[in-house]
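S.K.: Supplied in structure tokens, the structure appears directly below.
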Amino acid sequence: MKEYKGIRIVRKTHKITNPKANGSYSKSRNAIILYDRFFDLEPDIQSSILEHEYSHYIWHKMPSSIQKIWKLISVGDPRILKKLDYKENAYVTQYAKTKITEDWAECIEVERLLSNSKKYKGKRFGTYADFKLKIAKKIYDYYCRQEHW
């Protein structure tokens, strides 16, 4: 594998700072870095990880106004929660809690699994996280179309 959706792929043997990492996106190199662990995973998991890393690329291409909207959604702005009748914020994974950009990328990754993996297909959270999934996917799909740059 040499590229994913036009983004160069670089293979590295390991990541010292996080030995459990499967991949990362380097904005400065405009490349997706895949670590050895990635290649031992099931194809549907690999696909979702690639979407996760590619979504970091999309994040950097999105207008700052859209990033600001996502930030409000990600942190569970009380006005949004109230309007949607949710009592609290929720995340799709523990890792999503670490940074707004990881919340974004984890939503894309999890949505990919929920839509395509036999193991996860159709499952939902029943929380504000479902709203995040829908919004992230719509934004992602819109900005994945190259004519919008």
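The values are calculated or read from the model by the stated rules, or taken from the named source; none is laboratory data. Just so it is clear, the model here is predicted, and its values are computed rather than measured. Ideal geometry is used to build each Cβ from the backbone, glycine not excepted, and the neighbour counts take in all protein chains shown. Only protein heavy atoms, including side chains, enter the accessible area calculation; ligands, DNA and RNA are left aside. Shrake-Rupley method; radii C 1.70, N 1.55, O 1.52, S 1.80 Å.
S.K.: With no solvent and one equal point scatterer placed on each C-alpha of the stretch 22-81, evaluate the Debye formula and give log10 I(q)/I(0) for q = 0.15, 0.22, 0.29 Å⁻¹, two decimals.
M.R.: Debye output, listed in q order: -0.59, -0.87, -1.09.
S.K.: Oh, and also: Expressed in nm to one decimal, what extension gain is obtained for the pair Phe39 and Val75 from 0.36 nm per residue of sequence separation less their Cα-Cα distance? Let's see the in-between values first.
M.R.: Details: separation 36, 0.36 × 36 = 12.96 nm, distance 3.29 nm.
Residue separation times 0.36 nm, minus the Cα-Cα distance, leaves 9.7 nm.
S.K.: Further question: Of all accessible surface on the chain at a 1.4 Å probe, what whole percent is carbon and sulfur? Intermediate values should be presented prior to the final figure.
M.R.: Numbers: 4730 of 8980 Å².
With neighbouring chains kept in place, the figure for the chain is 53 percent.
S.K.: Can you give the Kirkwood hydrodynamic radius for the stretch 35-119, in Å, rounded to one decimal and based on Cα pairs?
M.R.: Numbers: mean 1/r = 0.0714 Å⁻¹.
14.0 Å is the Kirkwood radius here.
S.K.: A further question follows. Angle check, please: helix 64-74 long axis (alpha carbons) against the longest principal axis of the chain (alpha carbons), in degrees 0 to 90, nearest 10.
M.R.: 70
S.K.: If R0 is 25 Å, what FRET efficiency do you get for Lys82 and Arg145 from their C-beta distance, rounded to 0.05?
M.R.: It comes to 0.15.
S.K.: Let me ask another. Give me the three principal axis extents of the chain from the C-alpha atoms, as integers in angstrom, largest value leading.
M.R.: Here the Cα extents, ordered largest to smallest, are 46, 35, 29 Å.
S.K.: Roughly how many debye, to the nearest 20, is the charge dipole of the stretch 30-77 about its Cα centre, given +1 on each Lys and Arg Cβ, -1 on each Asp and Glu Cβ, and no other charges? Intermediate results must be reported in sequence, preceding the final value.
M.R.: Numbers: 4 positive and 7 negative charges, 87 e Å.
Dipole magnitude for the stretch 30-77 comes out near 420 debye.
S.K.: With every protein chain left in place, what is the accessible area per residue of the chain in square angstrom, probe 1.4 Å? Spell out each step's value before the answer.
M.R.: Working: 8980 Å² over 149 residues.
Value returned for the chain: 60 Å² of accessible area per residue.
S.K.: Moving to a separate point now. Return one number: the angle in degrees, 0 to 90 and rounded to the nearest 10, between the long axis of the Cα atoms of helix 43-61 and the longest principal axis of the Cα atoms of the chain.
M.R.: The angle comes out at about 70 degrees.
S.K.: How big is the stretch 72-149 along each principal axis, measuring the range of its Cα positions in Å and listing the largest first?
M.R.: Largest to smallest, the principal-axis extents are 34, 34, 23 Å.
S.K.: Next question. What's the extension gain from Lys12 to Arg29 if we count 0.36 nm per residue and subtract their Cα-Cα distance? Working shown, then result.
M.R.: Numbers: separation 17, 0.36 × 17 = 6.12 nm, distance 1.38 nm.
Computed gain between Lys12 and Arg29 is 4.7 nm.
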